[in-house]
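For reference, the structure discussed in these notes is given below.
What follows is calculated from the coordinates using simple rules that are stated; it is not laboratory data. The model shown is predicted, which means the values in this text are computed figures rather than measured ones. Don't worry about glycine lacking a Cβ; one is built from the backbone with ideal geometry, like all the others, and counts go over all protein chains shown.
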């Protein structure tokens with residue numbers, strides 16, 4: 001058991017982080033906005049934590065949990081503010097144009113991170129202090145965080161604000177005519193996603209021990225998109241399960257590639273062709289499962305009206 | 001073109017206009033969809049808007065509800081200019097509508113459709129909502145029971161949890177009316193509410209429209225192609241042709257208007 005945990009502890013935490021990143025993309029999607037900005041806010045949140053913990057706080061290891069939580073809070077606030085600043089103009093764009101604009105945003109942050117001194121340039125920031133002895137202990141932070149975010153989105157889908165999001169997703173013009181301000185609610189959904197991505201970034205910076213410009217890239221945008229599109233874009237469980245499964249998938253593929261007797265090219269493809277496989281899954285998945293694998297129908301929503309008669 | 005407006009405004013002198021269009025014009029490129037249209041609608045009226053296809057009726061509705069903005073002219077609601085407002089701001093002022101090509105939230109249940117439209121009458125935000133703090137729970141309860149009442153009114157409460165897209169056409173139109181009523185409007189715009197209904201359903205709809213006017217103190221604007229329904233239901237009728245207002249007045253006068261007969265009603 002101990003062996004298992006030490007081997008897979010890193011993977012478990014990564015899977016939970018993946019689930020939350022899926023949720024961060026799902027939030028704007030609730031309001032019908034295909035935003036790929038999450039990796040940008042994730043990277044920013046990570047830099048906030050990396051800079052604070054290596055340059056500002058200057059404490060001995062183990063890094064205090066309270067400071068870690070403070071960093072997550074600060075990262076969330078900064079990403080939330082930037083989310084509003086970026087979201088309000090960007091959300092004037094629709095559909096694929098918004099997606100492209102958010103990719104541009106991610107690229108801008110990446111280039112900035114590569115070239116600024118404070119982010120450590122191309123090398124990044126090393127030796128981010130550890131609050132825990134081993135990777136698996138990060139579960140103490142990330143598991144409650146995942147449960148809170150899941151509960152948050154679960155509740156959101158059932159309340160006034162969530163209904164406004166969903167109305168905009170279903171028909172923005174009709175929602176507008178029903179008194180819902182689309183600009184406000186789109187920006188709100190986008191900002192909630194930005195905050196979550198930023199908080200996840202902050203904890204990830206510690207978890208990965210080092211943070212650099214490879215953290216927020218176009219590749220990551222596509223991977224997070226896979227979480228949601230294949231996992232399911234109509235219920236929060238979709239991105240959560242998608243994020244977990246697809247974070248684990250490269251490991252699973254690697255294990256399959258190690259089975260003896262496989263042709264060399266196939267083993268190679270399974271090991272290194274992760275993005276190709278994700279791309280194929282997006283194409284095939286959206287063709288055959290337009291709402292993803294986990295759909296509300298699948299979950300057989302309980303009748304909502306019973307209680308009110 | 002002279003605008004035959006005088007006669008009818010005299011008969012309604014005792015009422016105040018709820019809606020007023022002043023020289024309303026909308027161009028789409030070279031096409032003038034609505035051309036210098038002026039009229040006013042009085043409180044409590046059922047006001048019909050008829051005309052051949054492409055006459056600019058729906059464009060006029062879109063101008064009233066802010067989906068598009070006029071190229072020239074003004075739209076006034078209770079004396080305030082609303083031509084520059086966005087749709088949600090106009091909805092908040094008390095003007096609700098249905099759509100010619102039904103725009104329900106197709107994937108959501110009938111109940112959710114009507115709950116969504118109570119947005120402006122509730123206040124709870126992200127945190128009060130998620131944490132279930134006041135006023136969220138009470139609002140939620142109220143929103144839900146109000147939605148049921150409205151579904152009951154249009155006769156759909158037994159299918160409240162069904163997806164809107166599963167309803168037959170006529171029921172979808174009724175659901176759209178329930179959704180519009182959830183805004184608690186003072187003006188209701190119905191864009192071809194009887195389209196696709198059989199004569200029997202049309203008669204029921206006619207009665208229903210009168211009933212809701214009474215019950216909710218509504219002023220109703222109505223686009224409809226079915227002439228007998230319009231003539232029987234409306235207090236006044238405006239006729240549009242190629243974007244221009246060619247007649248306005250009570251049904252009997254409009255029916256015998258020479259220009260209207262030539263443009264729209266046709267000669268027997």
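List of remarks:
- Counting only DSSP beta bridges whose two residues both lie in the protein assembly as shown, roughly 60 percent are antiparallel.
- Take every DSSP beta bridge whose two residues both sit in chain B; close to 55 percent of them are antiparallel.
- Principal-axis tilt of helix B:199-216 within chain B, Cα atoms, nearest 10 degrees: 70
- Of interest is the spacing of the C-alpha centroids, which for the stretch A:6-39 and the stretch A:242-267 amounts to 21 Å.
- Radius ratio Rg over Rh of the stretch A:173-303, counting only Cα atoms, Kirkwood formula for Rh: 1.06
- Estimated translational D of chain B in µm²/s (Stokes, Kirkwood radius over Cα pairs; 20 °C; 1.002 mPa s): 111
- In degrees, nearest ten, helix B:169-181 long axis to first principal axis of chain B (Cα): 80
- Viscosity 0.692 mPa s, 37 °C: Kirkwood-radius Stokes-Einstein D of the stretch A:98-143 over Cα pairs, µm²/s: 248
- Note on residue B:255/residue A:297: beta-carbon distance plugged into 1/(1 + (r/R0)^6) with R0 of 56 Å gives a FRET efficiency of 0.60.
- Over the Cα atoms of chain A, the radius of gyration divided by the Kirkwood radius equals 0.98; this is the Rg/Rh ratio.
- Using a Förster distance of 51 Å, the FRET efficiency for residue A:184-residue A:258 (Cβ separation, nearest 0.05): 0.50
- Relative contact order (%) - the stretch B:205-268, alpha-carbon pairs under 8 angstrom, separation at least six: 19
- Per residue of B:152-165, other chain Cβ atoms within 10 Å of the residue Cβ number 1 on average.
- Bins of 10 Å from zero: percent of alpha-carbon pairs in the stretch B:105-183: 21, 48, 25, 6
- Here the extension length gained between residue B:265 and residue B:207 equals 18.5 nm, from 0.36 nm per residue of separation less the Cα-Cα distance.
- The alpha carbons of the stretch A:1-55 stretch over 44, 32, 11 Å along the principal axes, in descending order.
- Put in line by how crowded their Cβ is, counting other Cβ atoms within 10 Å and starting with the fewest, A:178, A:244 read A:244, A:178.
- Cα centroid separation, the stretch B:92-135 to the stretch A:94-118: 34 Å.
- When B:77, A:47 are sorted by how many other C-beta atoms sit within 10 angstrom of their C-beta, beginning with the fewest, the order is B:77, A:47.
- Sorted peptide list for B:179-187, A:251-259, criterion being average Cβ within 10 angstrom, highest first: B:179-187, A:251-259
- Sorted on the mean count of surrounding Cβ atoms within 10 Å across their residues, most packed first, peptides A:206-214, A:115-123, B:65-73 read A:206-214, B:65-73, A:115-123.
- The label point for residue A:148 and the one for residue A:59, both projected 7 Å from the Cα toward the Cβ, are 1.7 nm apart.
- Percent of Cα-Cα distances greater than 26 Å, calculated over the stretch A:1-156: 35
- Taken residue by residue and averaged, Cβ atoms of other chains lying within 10 Å of the Cβ of B:105-117 number 5.
- The stretch B:213-262-the stretch B:13-60 distance, computed between alpha-carbon centres (Å): 11
- Largest first, the extents of the alpha carbon coordinates of the stretch B:177-268 on the three principal axes equal 40, 27, 21 Å.
- Across the stretch A:60-121 the C-alpha pair distances fall into 5 Å bins from zero in the proportions 4, 14, 14, 19, 19, 14, 8, 4, 2, 1 percent.
- Three semi-axes of the equivalent ellipsoid, the stretch B:53-129, Cα gyration tensor, whole Å, largest first: 27, 18, 9
- Sorted by Cβ neighbour density within 10 Å, fewest at the top, the residues A:4, A:236: A:4, A:236
- Working note: Cα gyration tensor of the protein assembly as shown, eigenvalues times five, square-rooted, sorted largest first, giving semi-axes of 56, 24, 22 Å.
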